[in-house]
Amino acid sequence: MRKTFYVICVFLSMMGNMMCLASCGDDDTSTVETVITNSVVLSESELLFSKSEGSATFVITGAISPQLSSDADWCSVSVGAVDADTKSTCTVTVSANTTYDERVARITVRQGNVTRQVVVTQSQDDGLTVGQTSYFVSASGGQVSVTVKANVDFTETISEPTWVSATSTRGLKAYTRTYSVAANEGEARTATVIYRFGELADTVTITQAAYDPGNITATAADIAKLMYPGWNLGNTLEACGGEAENFTNKGGVARETYWQKTKTTQQVIDAVRDAGFHSVRIPVSWVCGHISGGTESEPVIDEKWMARVKEVVDYCVSDGLYVVLNDHWDGGWLEVLGFSGSSSSYKSLSGVDVNKKIMTLKYLWTQIANEFKDYDEHVLFAGLNEPFQEYSLFNSRHSTLTSTLVKYNKAFVEAVRVTGGNNNTRTLVVQGPGANVSSACTYMGTDKLPEEAGHLMVEVHYYDPGQFCGTYDSNVYFWGTDNHSTLSASNNATWGEESYMVEQFDKLKQTYTSKGYPVILGEYGAVWRTISTDKDKHNASIRLFYKLVNQYGVERGIIPFTWDTNGFPSNPVDGTMTIINRADCTIYNSYALEGVKEGVSAAQWPY
């Protein structure tokens, strides 16, 4: 640590060379003049300061009314009057450095076309800090990795060395401390790790769940082959008022009919079962409009909303259906704002920002996991929906943001597992980047998953090609080479046909399902339009699309969940992905449902 600063100057003249050195304490100022053979002469090119606030001066020779600027807000410069010898005394003032890094500023001196610089360097404060301060480990044990930043030597004290032990060596500046946590055969327990240097200290808490194996013995692979085909209770429990309602209780149970008009009943779920579906994916908003108290880092889910979600889950379980319960778009609190500081323009997040989101994510899922802790393997949890969903913000950033997504996936799994009981072995679902097939297979292989194969699935979505599926072009109605081979390019999909679907699903098989991780196609669908022109080709296209998604998917260990919105547009060209009319529990789109059934019938589960 520097306790003084030194002003080094080089004095050159046309008659010879001289070097002089001056030093002063934190509160001193010094002036040393150097003349060099140029029209603007600086007495020095570098100033060094300790971490304390202070000032120093340098002299400019040969410049009348020089222009000075600093490129750092912690470093300012001012100039005195020019004397008879055209010399100006300039004062540099720095504030105290309370950061843990050395910092550098540059003073620029301009006179006409001539510029000179003085480099100002200030030493860092003594620093010792950790990122995440709370870690949760299941009863089976595992590892905890703590990121520590320090510019001092420090001691490390582990409160429970019998079951928490360090397994890595310390590096300098920034590094990772890794601890092995032994399996727990008793009650829940907590250990602390204290990092200390003098009066500086930081504490990390490691909490391990009690030994409670629960009653779930079925693995993800065991239940995957029983779950297809799947159906989404879309536009229902995830309906919310947008980002402005995040971390409020402005939604309430009435939000269930905000985006569609039918309240979910046992009869609705019976109709889903009777249509031949074996699983229901229930998208849910929790943060957006359903937080009754707490803080943003520790939000409390409204008990009435939790009870309503549980009631709908019970409808499904009573019918023998599997349930995938998630945290959906949810006002974008994590899907968007967990990857960008703004939802209107991309702004990168700091590690501190990400850690705050992780705390919130864990707090939410701890509540949800405890609420459904005693449910058997028919209930699965999915941590997110479509991470970095906003196309305009994130389309080119899937690669760079996957590392952040991996942290959220890991936090979700940790939060559920630590609640113990059936949650120790409950099948959990983590999301691929953007829920995009190619990105999931390219940027997030099995090496980036939070658990080994056994009780984990991976989720992606499938709405390709966008023209036919209706996500952005309402003028394209056909899909499948047999259905539009004689039509003009403006009236068919032109890409993303059967061979493309096989290619995409083969990627998922190679990357995940062949390695023991079943894949959930959490959403897929194509907009069905009740058009009059070429309606037979359009209906055949819908039927074929739904058939092949299920056939090709199931054959590769993929569980498809069709998206169903319960929407009925007045304009037939607008179309809808609705299959079941929940108001009277009848089939609205028979072509899609027939396709689902045909695909399932034609396929054979591979594992």
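The values are calculated or read from the model by the stated rules, or taken from the named source; none is laboratory data. Treat the numbers as computed from the prediction; the structure is a model and nothing was measured. Every residue, glycine among them, receives a Cβ derived from its backbone with ideal geometry; neighbour counts consider all protein chains shown. The area values use the complete protein model at the heavy-atom level, side chains included, leaving out ligands, DNA and RNA. Shrake-Rupley method; radii C 1.70, N 1.55, O 1.52, S 1.80 Å.
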Per residue, in Å², the accessible surface of the stretch 85-169 once ligands and nucleic acids are set aside, probe 1.4 Å: 47 Å²
The stretch 508-548 versus the stretch 408-428: alpha-carbon centroid distance in Å: 31 Å
Cα centroid of the stretch 551-607 to Cα centroid of the stretch 320-380, whole Å: 27 Å
Nearest-ten-degree value, helix 303-318 long axis tilted from longest Cα axis of the chain: 40 degrees
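For Ile223, what charge total do you get from the other residues with a beta carbon under 11 Å from its beta carbon, if Lys and Arg give +1 and Asp and Glu give -1? Please report the intermediate quantities before stating the final value.
Working: positive: Lys225, Arg426; negative: Asp222, Asp376, Glu377.
After counting each charged neighbour, the total is -1.
How much of the DSSP bridge set in the chain is antiparallel, in percent, rounded to the nearest 5? Numbers along the way, then the final one.
Details: 75 of 111 bridges.
Taking every DSSP beta bridge with both residues in the chain, the antiparallel ones total about 70 percent.
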Burial order of peptide ranges 278-287, 524-533, 419-428 (average beta-carbon count within 10 Å, highest first): 278-287, 419-428, 524-533
Lys/Arg +1, Asp/Glu -1 at C-beta; the chain dipole; positive extreme among Tyr591, Thr205, Ser76: Tyr591
Accessible carbon and sulfur surface of the chain relative to its total accessible area, %, 1.4 Å: 49 percent
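In the structure displayed, which of Lys410/Lys515; Lys373/Lys407; Lys263/Lys448 lie more than 30 Å apart, Cα to Cα? Write out the running numbers ahead of the final one.
Working: Lys410/Lys515 19 Å; Lys373/Lys407 23 Å; Lys263/Lys448 39 Å.
Check vs 30 Å cut-off fails for Lys263/Lys448.
What is the local net charge at Gly234, summed over the other residues whose Cβ is closer than 11 Å to its Cβ (Lys, Arg +1; Asp, Glu -1)?
On the way: positive: Arg281, Arg582; negative: Glu238, Glu523, Asp564.
So the environment of Gly234 carries a net charge of -1.
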Structure-derived Cα extents along the principal axes in Å - corresponding label in (i) 93, 58, 58; (ii) 96, 52, 43; (iii) 99, 67, 44: (iii)
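If packing is taken as the average number of other Cβ atoms within 10 Å across a peptide's residues, how do 535-541, 323-329 rank, most packed first? Don't skip to the end; give the middle numbers.
Details: 535-541: 19.1, 323-329: 23.3.
Highest-to-lowest ranking by the protection proxy: 323-329, 535-541.
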Tilt relative to the chain, helix 351-371 - C-alpha long axis, 0 to 90 degrees, to 10: 30 degrees
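With runs of 4+ DSSP H residues as the only contributors, calculate the mean residue ellipticity of the chain at 222 nm using -39,500 (n - 2.57) per run, divided by the residue total and rounded to the nearest 500. Please list the in-between numbers first.
On the way: 12 runs with 140 residues, N = 607.
Mean residue ellipticity, 222 nm, calculated: -7000 deg cm²/dmol.
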Reach of Lys310 by Cα under 15 Å, taken over aspartates and glutamates that are not fewer than 8 positions away in the same chain: Glu238, Glu256, Asp302, Asp319, Asp327, Glu371, Asp374, Asp376
Dipole of the chain, positive direction: furthest Cα of Gly525, Pro283, Ser340, with charges on the beta-carbon: Gly525
Point-charge dipole on Cβ atoms (K/R +1, D/E -1) for the stretch 186-247, about Cα centre, debye to 20: 280 debye
